[in-house]
Structure formats: C-alpha cells, structure tokens
Amino acid sequence: MVGFNWRTDRITSVVGTVQERHRLDRVHVRTQNGHVHPIQFAICVDAAGAESRAVARLAGIGVGEKSLAFDLPVMSRFVFTVRADF
C-alpha cells in the first residue's frame, strides 16, 4: 500500500448552505512487479493489527485537522502459548 485518495463532495442543503464532506475513496497498492493500482471502495476497514496506526497516518488520520487530528487508538494485545510435555 502506498497511499489513499480523499474525495470532496459539496452538498447544498434545502436552505442553500453548502457543506464540504471529505471521505476516503480509494487506496493505491503496489504489486510485486512494481506497478501501482488504485482500488476504489465505499467503506474502508483498517485491520492491520499492530500496524493500524501507521496505515491510518498514511490516510491522514491522526495528522490532519479537526476530527482527523485524533490519533487512532491501537491497543496492544498479547497471545501466549504454553506447551507442557509430560
């Protein structure tokens, strides 16, 4: 993954006020042969585990303004495996 694209929609209300809404709309992925391909989506789920914060920052989350300034909360979890040979 090399980056994300933001899309800006201008919405006019019934009373004439205009609002801009910004949303993620595609991710750019680099394949093994070095080509970069855009993948468009409607919903994005960041399921990168321990790397979720890095992926979010690549999308501008945690480094932007207003609501984007809030860092993505990533909780550390540990899994332990115990093997007992009797």
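The values are calculated or read from the model by the stated rules, or taken from the named source; none is laboratory data. This is a predicted model, so every value here is computed, not measured. Ideal geometry is used to build each Cβ from the backbone, glycine not excepted, and the neighbour counts take in all protein chains shown.
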The condition from (1) over 9 Å from the mean Cα position of the chain (by Cα); (2) at pLDDT 75 or above that Gly64 misses is numbered (2)
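State whether the residues of segment 14-25 include one that is surrounded by 10 or more Cβ atoms within 10 Å (Cβ to Cβ), assigned to a strand (DSSP E or B) and among the hydrophobic types (A, V, I, L, M, F, W, C).
Initially, segment 14-25 is screened for residues surrounded by 10 or more Cβ atoms within 10 Å (Cβ to Cβ), giving 22-25.
Next, only the ones that are assigned to a strand (DSSP E or B) stay: 22-25.
Okay, now just the ones that are also among the hydrophobic types (A, V, I, L, M, F, W, C), so 24.
Within segment 14-25 (the criterion being surrounded by 10 or more Cβ atoms within 10 Å (Cβ to Cβ), assigned to a strand (DSSP E or B) and among the hydrophobic types (A, V, I, L, M, F, W, C)), the answer is yes, since at least one residue qualifies.
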Let me spell it out: the conditions are (1) at pLDDT below 90; (2) part of a strand (DSSP E or B); (3) among the acidic types (Asp, Glu), and Glu51 meets all of them except one. Which number is the exception? (2)
Which of the residues spanning segment 55-67 are exposed (fewer than 15 other Cβ atoms within 10 Å of the Cβ) and among the hydrophobic types (A, V, I, L, M, F, W, C)? Val63
Considering segment 27-53 alone, what residues qualify as being under 10 Å from the mean Cα position of the chain (by Cα) and either surrounded by 12 or more Cβ atoms within 10 Å (Cβ to Cβ) or within 12 Å of Phe4 (Cα to Cα) (or both)? Val27, Cys44, Asp46, Ala48, Ser52, Arg53
Any chance Val36 is modelled with pLDDT of 75 or more, farther than 21 Å from Asp9 by Cα, touching an Asp or Glu at 6+ places or on another chain (Cβ under 9 Å) and of a type in the set (A, V, I, L, M, F, W, C): no
